[in-house]
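What follows is calculated from the coordinates using simple rules that are stated; it is not laboratory data. Predicted model only: the values in this text are computed from it and were never measured. Using ideal geometry, Cβ is built from the backbone for each residue, glycine included, and neighbour counts are taken over all protein chains shown.
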Amino acid sequence: MPLFLLLLAAITAVFALLNLGWAPDWVWIWKTAIVTGEYGHWLVLWPVGLAGLVVRQGAGGPVRLATLALCALAAAGLLRPAAQAWWLGRGLGGAAFSFARLYAGTSPGPASVRTEVFARPDGQELKLDFYRPGAAGDALPPPRPCVVVIHGGGWDGGDRTQLAGWNPRLVARGYAVAAISYRLAPRSVWPAQGEDVRAAVAWLKTNAARLGIDPARLVLLGRSAGGQLATAVGYGARDRAIRGVIALYAPHDMPFAWSVSREDDALNSIKLMRQYFGGPPDAPAQVARYESASGQLLATKDSPPTLLIHGVPDTLAWYRHSERLAARLTELGVPHTHLQLPWATHGFDFNPDGPGGQLADYAIARFLAEVTR
């Protein structure tokens, strides 16, 4: 029995290491890291209970001490995200993080949503889900700002329902939300995806009166591949109606992204980029294609204010992507916020009430309030 408890403690400690900087480049490890990082405050009950069982057993000598040490390591690792979120939250503002919210959660309430159709440049139809603020979303008077949500998925997957639970949270604050579809690779290559985002923006402006939105107060919000689209379109469109850009764990300099991609990484990023651009940047025309998708290369001093959120141990999209864009925006004098989460991996906002989810929620809410005034 003591050896069995030691084995359980060792296994728990290994998984807790995901919150302490150990991040192998494997897909199943990445998904596990989301759980340990954003639900560690619940998982910590396991090593605590295990330690209690060991203490009750009494004798055990070195095995008992080793088990208790591993339980302590596991508990420390599982609680690290909450502790660091609390520390970072102190710098962001008093309401940025709450231990109570970790366990009690929050419910934004229902939101009215309907599917609309817009035309892409070639005349074919794409869909978007439009969330309209109702009685629960009267924090802002109509016409309301609209957040255009661009899904991730490596450019060859995903859809507009991705992380849809976040959309009612925006609605509850008085924003309309348009979660859009776009053409996917490899069937469609860049700039098709950017053209679809622009088409959605144009459709929202044309139908603003019917939708109850302000056509001059739009914000692009993208995650992962969607974040790349958000900065590429947000900076490249030179559209004053786009008041801000929000990008979570995304690449923004596509020639640089190609240079650090590998076939043997978690997502075979070389394959994804070949599909997205129709090949490598090995000829002038292809280099130009990559550059036209690079928000970092398209940014100017007049680019819209930007919020970047990225986890440092992200193994799918290197945190340096956001770091480099933030440095470029600083050079240009573009207002921006760069929030780095020391424990968080790709997709950390899966749990809106987790450590990363809470900080992202607060940062997004504050950013939207500032840029849509």
Using a Förster radius of 45 Å, what is the FRET efficiency between L65 and R324 based on their Cβ-Cβ separation? Nearest 0.05, please. 0.45
For helix 355-371, report the angle its Cα long axis makes with the longest principal axis of the Cα atoms of the chain; keep it between 0 and 90° and round to the nearest 10°. 30 degrees
Whole-Hz couplings from phi, Karplus 6.51/-1.76/1.60, listed for the stretch 122-133; x for Gly and Pro: 8, x, 6, 9, 10, 10, 9, 9, 9, 9, 9, x
Residues meeting the amide H criterion for D214 (H placed from the backbone, H to H distance under 5 Å, 5 or more places apart or on another chain) are R144, C146
Just to be sure I understand: of the beta bridges DSSP finds with both ends in the chain, what percent are antiparallel, rounded to 5? 30 percent
Partner lysines for K205 [C-alpha distance under 29 Å; skip if fewer than 8 residues away on the same chain]: K127, K301
Past the 20 angstrom mark, what percentage of all C-alpha to C-alpha distances in the stretch 78-192 do you count? 57 percent
Cα→Cβ-extended label distance, 7 Å offset, between W42 and Q57, nm: 2.8 nm
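Can you give the FRET efficiency for L20 and D122, using 1/(1 + (r/R0)^6), R0 = 41 Å, r = Cβ-Cβ distance, to the nearest 0.05?
0.25
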Base-10 log of normalised Debye intensity for the chain (one unit scatterer per alpha-carbon) at q = 0.07, 0.08, 0.14 Å⁻¹: -0.34, -0.43, -1.15
Degrees, to the nearest 10: 27-38 long Cα axis against longest axis of the chain: 80 degrees
Using alpha carbons only, how many degrees (0 to 90, rounded to 10) separate the axis of helix 61-92 from the longest principal axis of the chain? 30 degrees
Between V287 and A95, what is the label-to-label distance in nm when each label sits 7 Å out along the Cα-to-Cβ direction? 5.0 nm
What do you get for Rg/Rh of the stretch 2-102 when both radii come from the Cα atoms and Rh is the Kirkwood radius? 1.05
Rounded, prolate or oblate: which one fits the stretch 249-373, using the alpha carbon gyration tensor with axes a ≥ b ≥ c (rounded when a/c is under 1.5, else prolate when a/b beats b/c, else oblate)? oblate
